[in-house]
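The values are calculated or read from the model by the stated rules, or taken from the named source; none is laboratory data. What you see is a predicted model; the values in this text were computed from it and never measured. Cβ coordinates were reconstructed from backbone atoms using ideal geometry, including for glycine residues, and neighbour counts include every protein chain displayed. When the accessible area is computed, the model is the full protein with side chains, heavy atoms only, and any ligands, DNA or RNA have been set aside. Shrake-Rupley method; radii C 1.70, N 1.55, O 1.52, S 1.80 Å.
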Amino acid sequence: MIPRWLTAIRGSVPHGAAFALGLVPIAVLILLWWITTIGAPEERVLGPMILPSPVEVTQSLGDLVSTADQENRSLFDHIGISLRRVGLGFILALAIVVPLGILMGAFGSARATFNPVVTASGYIPIATLVPLTMSWFGLDEIQKVVFLAMAFGIYLLPLVITAIDAVPDVYLRTAYTLGASRWQAVRRVLIPIALPDIWHSMRLAFGIGWTYLVLAEVVVKAGGLGDLIDTARRRAMSGRVYLVIVIITLIAWIADLLWNRAGNLLFPYRRSRA
């Protein structure tokens with residue numbers, strides 16, 4: 001008999017079953033990967049230069065961990081460099097975007113003032129910000145941090161505004177009835193109620209930085225996981241390329257789990273959005 005949760009519209013799936021179902025597409029992907037890369041290189045559907053086999057990618061891990069680059073940086077040094085850049089860029093974006101988003105969500109005058117810029121920024125191709133930030137800040141570390149901050153901010157700002165907008169008016173009317181001023185309503189009503197949604201928006205935006213990390217690091221090679229990918233590509237070490245991509249994905253996934261766990265601890269009264 002087919003379980004009810006398997007076909008129910010918007011049904012709740014048991015945790016164990018959800019875990020098992022989540023493994024199915026991963027297993028299918030690995031199986032297809034293995035099938036297309038099995039056998040001798042000249043007999044494969046896809047050659048090792050295009051798609052190395054899972055075994056070849058796994059074997060490159062030991063070489064990547066034990067080998068240092070010309071600057072004597074190990075894999076873990078590169079991971080630390082990338083983490084620092086993403087973290088600094090995210091903090092810089094938060095410092096600017098969150099207060100601005102709260103103002104735009106709370107006050108119509110602020111929204112009218114900045115809305116044209118916000119709307120226009122949503123249509124900017126992120127890749128074009130690389131040469132722009134290079135012309136502004138040169139080729140040093142600050143360029144990468146500012147570029148990532150801009151990528152974070154363009155994505156995060158509309159989400160913060162939406163979170164403030166989602167606060168029901170009944171809370172504001174109650175606060176005004178109790179004698180709260182405008183700024184008290186913002187600080188004690190809008191922000192606390194919207195904070196779980198803002199946190200969730202921050203969690204989503206943090207993942208955006210990892211999607212643009214390689215773009216920030218391949219232009220000027222100064223370490224980081226993007227530098228590793230570009231170096232491996234130029235040396236035709238395709239196994240390393242795929243391996244570093246997997247490493248970036250794992251780091252971003254672990255970070256997302258930590259964001260979700262922290263959100264559950266900070267806002268236990270809100271249903272998890274994982």
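Annotations for the structure displayed:
- Carbon plus sulfur fraction of accessible area for the range 191-267, probe 1.4 Å, in percent: 71
- The mean accessible area for residues of the range 170-274, using a 1.4 Å probe and ignoring ligands and nucleic acids, is 57 Å² per residue.
- Across the chain, C-alpha contacts under 8 Å between residues 6 or more apart give a mean separation that, scaled by the residue count, equals a relative contact order of 21 percent.
- Whole-number D in µm²/s for the range 30-71 (Stokes-Einstein; Kirkwood sum over Cα pairs; 20 °C, 1.002 mPa s): 189
- Helical contribution to [θ] at 222 nm, DSSP H n ≥ 4, -39,500 (n - 2.57), averaged over the chain, rounded to 500: -24000 deg cm²/dmol
- The range 120-162: chymotrypsin sites (Phe, Trp or Tyr not before Pro) falling in loop per DSSP and having at most 14 other Cβ within 10 Å: Tyr123
- Rounded to the nearest 20, the size of the Cβ-charge dipole of the range 21-175 about its Cα centre is 620 debye, with Lys and Arg at +1 and Asp and Glu at -1.
- Length gained when the stretch Ile26-Asp77 is fully extended (0.36 nm per residue, less Cα-Cα span): 15.4 nm
- Angstrom value of the Kirkwood radius, inverse mean 1/r, which spans all Cα pairs in the range 129-274: 18.0
- Ser181 sits with roughly 50 Å² accessible to a 1.4 Å probe, with DNA, RNA and ligands left out of the calculation.
- For the chain, alpha-carbon Rg relative to the globular expectation (2.2 N^0.38 Å, N residues): 1.25
- Check: the chain dipole with +1 on Lys, Arg Cβ and -1 on Asp, Glu Cβ, in debye: 1100
- Extreme residue, positive dipole direction of the chain, given options Val146, Gly16, Phe90 (C-beta unit charges): Gly16
- Folded to 0 to 90 degrees: helix 141-165 orientation relative to the chain principal axis, Cα: 40
- In this label model, Ser109 and Leu250 are separated by 5.4 nm, measuring between points 7 Å along each Cα→Cβ vector.
- Projection of the Cα convex hull of the range 1-126, averaged over all directions and equal to a quarter of that hull's surface, yields 16.1 nm².
- With both labels modelled 7 Å from their Cα along Cα-to-Cβ, the Lys221 to Ile38 distance reads 3.7 nm.
- With a Förster radius of 41 Å applied to the beta-carbon distance between Ala95 and Arg233, the computed FRET efficiency rounds to 0.75.
- Positive minus negative residues near Gly224 (Lys, Arg vs Asp, Glu; Cβ under 12 Å): -2
- The fraction of accessible area contributed by carbon and sulfur in the range 1-155 is 71 percent, rounded to a whole number (1.4 Å probe; ligands and nucleic acids excluded).
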